[in-house]
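Since the structure comes first, as structure tokens, the remarks are kept for the end.
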Amino acid sequence: MKNSFYLFGFITLFLISCETDDGGGTDGILGCTDPLAANFESTATADACNCIYDGFTAIGNPPATALRNVLIEEFTGEWCGWCVDGTYIIETLMENNPGRVFTTAIHQGDFLQTGLTQTLSEQFNASFYPSGVVDRKLGAISRELWAGRTSLGLNEVAKAGIAIETKLIDASNLEGVVHVDFKENLVGNAFNLVLYVTESGIAASAQQNYYSFLSGQRDHPYYSKNRVLGGSEFTHNFVLRKEVASFEISPKAIKGEGVFTRKFSLNIGGYQNENVEIIAMIVDGDLENMLNVAGVGVEKVYNW
């Protein structure tokens, strides 16, 4: 009987020890797994949320709660005469919610189209223009629904927060560090940190304008404007240029047990530095259903 008790105690102790994650448990060997970090550990098999990057110190400790921001990914194009209204709606939402609404303009069929256009339009079933995806939920929807969906997103409780710091290395090269802090334990789910670069202030080539003399739209800002808008009359803002990076967020961070941090590098040669913005979003493993988003310019800080 005594031997049975000792055996039971040994098995219990063994099971408990296997559940630890301080170097050799179920989470693997914890340490900084990013080779770009100053404290990279080549033997680590699981990220410990402790990576440090030289020269980046502007971000403080995360607060207890985070702001829930919203991202509108707009599908647009210069050939689309209704798209001037999409631009106007997004500009209004951003003005009414400063620092809380972010956007990327995904162009199709004009000089601003990128290799991401087809991938994203198929992913979100963007079969009409303008259309938009709000927080990557439910696919592309018509512009009449953007305001309501944005309001819903802004009133959600944030499950994770984001902080970003960027620095110019030289005239053409930008580096940055992004931090992600989960506010609740979401273990069992996979999440990615996705980074985009957008550029504003791009002069239009030949933006179509169906609101030019549209009956019943006299209050619209593009009513009585030219049927085709050139560079002096229309500017493309927040144009999606490229995806910077996509990082798989560590399970330790998803449990709410640490801040996940990653560094990125970006060549911005050919862009106007003052018009560049880095968009960082936390999305699930299928790159849909966004938890939060933040954006920051060149040599700027978004501190939680």
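Couple of notes before you dig in:
- Of Ala204, Ala158, Ala171, Ala190, all but one fail to be in contact (Cβ under 8 Å) with a residue 24 or more places away in the chain and in contact with a His (Cβ under 8 Å, 6 or more places away or on another chain); the exception is Ala204.
- Boolean, Arg100 is touching a Pro at 6+ places or on another chain (Cβ under 8 Å), more than 15 Å from Thr198 (Cβ to Cβ) and among the charged types (D, E, K, R): no
- Residues that are without any contact (Cβ under 8 Å) to a residue 40 or more places away in the chain, more than 19 Å from Phe260 (Cβ to Cβ) and outside any helix (DSSP H, G or I), drawn from region 41-97: Ser42, Thr43
- Considering residues of region 173-232 that are among the polar types (S, T, N, Q), closer than 30 Å to Ile254 by Cα and in a strand (DSSP E or B) only, the residue most open to solvent (accessible area, probe 1.4 Å): Asn192
- Output for region 137-157, where each listed residue is touching a strand residue (DSSP E or B) at 6+ places or on another chain (Cβ under 6 Å) and either part of a helix (DSSP H, G or I) or open to solvent by less than 10 Å² (accessible area, probe 1.4 Å) (or both): Trp146, Arg149, Thr150, Gly153, Leu154
- Test for Met94: is it surrounded by fewer than 21 Cβ atoms within 10 Å (Cβ to Cβ) and either in contact with a helix residue (DSSP H, G or I) (Cβ under 8 Å, 6 or more places away or on another chain) or modelled with pLDDT of 95 or more (or both): yes
The values are calculated or read from the model by the stated rules, or taken from the named source; none is laboratory data. Just so it is clear, the structure is predicted and the values come from calculations on it, not from any experiment. Note that each Cβ is placed from the backbone with ideal geometry, even for glycine, and that neighbours are counted across all protein chains shown. When the accessible area is computed, the model is the full protein with side chains, heavy atoms only, and any ligands, DNA or RNA have been set aside. Shrake-Rupley method; radii C 1.70, N 1.55, O 1.52, S 1.80 Å.
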